[in-house]
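Written out below as structure tokens is the structure these notes cover.
The values are calculated or read from the model by the stated rules, or taken from the named source; none is laboratory data. Quantities reported herein were computed from a predicted structural model and do not represent experimental measurements. So basically every Cβ, Gly included, is an ideal-geometry build from the backbone, and we count neighbours across all protein chains shown. Just so you know, the surface numbers come from the protein's heavy atoms only, side chains and all, with ligands and any DNA or RNA stripped out. Shrake-Rupley method; radii C 1.70, N 1.55, O 1.52, S 1.80 Å.
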Amino acid sequence: MIKAEHLVKSYGKGELEFFALKNIDLEIPDGEFVAIVGPSGAGKSTLLYQLSLLDKPTSGEIYLDGIKASDLDEEEKTAFRLHKLGYVFQDYALLLELTAAENVVLPLLMQGMGRTEAWKKAERALDRVGLGDKMRNLPSQLSGGQQQRVSIARAIVHEPHILFADEPTANLDSTSAWPVMDA
């Protein structure tokens, strides 16, 4: 499902060049749950951004669901991300002027799903993460853990082939974390 060959991501040039990722080979079969662990600054988020097509590697190849990422143009990458991938960002990446439900429904509407079906799916996703009673709240009216759960609901609402999560339960207590991981 996910494969990286000789993946390199560097910043800067010459003597100032810094390698965040250096010659990474990785293969994750379909259906696997994989956690990347390491100290702060080790390149975990950088690896996630490369594999999820949110950033372009300096060199190397990435294959997702059998498709070579470098063969896709930007429009095709955007469509691939929208339809096949889900993201839980460390900083939530919620749109502050939209309610919890509107944040969750947005990717479905962008995919072209009908409004009625999209709203039903968004409500179910928020229920799954324990926020069925917070659908009309703006992010500013939610705690950090609740915002994180809205982000998770948005990531899973379209049942992506691959779900990328950057510290998805970091701001959740253990009581909230387990149901979220099951969602």
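Observations on the model:
- Of all the criteria given as (1) among the hydrophobic types (A, V, I, L, M, F, W, C); (2) at positive phi; (3) open to solvent by 60 Å² or more (accessible area, probe 1.4 Å), the one not satisfied by TRP119 is (2).
- Residue match in region 66-76 (condition: modelled with pLDDT under 95, closer than 28 Å to LEU142 by Cβ and polar (S, T, N, Q)): no
- Hits in region 107-136 (condition: part of a helix (DSSP H, G or I) and of a type in the set (Lys, Arg)): ARG115, LYS120, LYS121, ARG124, ARG128, LYS134
- Residues of region 17-29 classified as surrounded by 10 or more Cβ atoms within 10 Å (Cβ to Cβ) and part of a loop (DSSP other than H, G, I, E, B), total: 1
- Pairing each residue of region 1-23 that is closer than 17 Å to TYR49 by Cβ with any residue that is open to solvent by 20 Å² or more (accessible area, probe 1.4 Å) and in a loop (DSSP other than H, G, I, E, B), provided the two are 6+ apart or on different chains, yields C-beta distances under 6 Å for LEU7/PRO57; VAL8/THR58; LYS9/PRO57; LYS9/THR58; SER10/GLU17; SER10/THR58; PHE18/GLY12.
- Residue satisfying all of: in region 104-151; touching a Leu at 6+ places or on another chain (Cβ under 9 Å) and among the hydroxyl-bearing types (Ser, Thr, Tyr); nearest to TYR92 (Cα to Cα) among these: SER151
- Condition met for ALA79 (free of Cβ contacts under 8 Å to residues at least 40 places away in the same chain and under 16 Å from the mean Cα position of the chain (by Cα)): yes
- A search for C-beta distances below 8 Å between a residue of region 90-104 that is over 11 Å from ALA153 (Cβ atoms) and any residue that is among the aromatic types (Phe, Trp, Tyr) and open to solvent by 30 Å² or more (accessible area, probe 1.4 Å), counting only pairs 6+ apart in sequence or on different chains, returns ALA93/TYR87.
- First in region 123-152 and within 15 Å of VAL105 (Cβ to Cβ), second anywhere and open to solvent by 60 Å² or more (accessible area, probe 1.4 Å) and of a type in the set (A, V, I, L, M), Cβ under 9 Å, 6 or more apart: LEU138/LEU96; PRO139/LEU95; PRO139/LEU96
- Unique match (being assigned to a loop (DSSP other than H, G, I, E, B) and surrounded by 12 or more Cβ atoms within 10 Å (Cβ to Cβ)) among LYS56, LYS77: LYS56
- THR46 being open to solvent by less than 70 Å² (accessible area, probe 1.4 Å), farther than 28 Å from ALA118 by Cβ and not aliphatic (A, V, I, L, M): yes
- Flag if ILE162 is at pLDDT below 95 and buried (at least 20 other Cβ atoms within 10 Å of the Cβ): no
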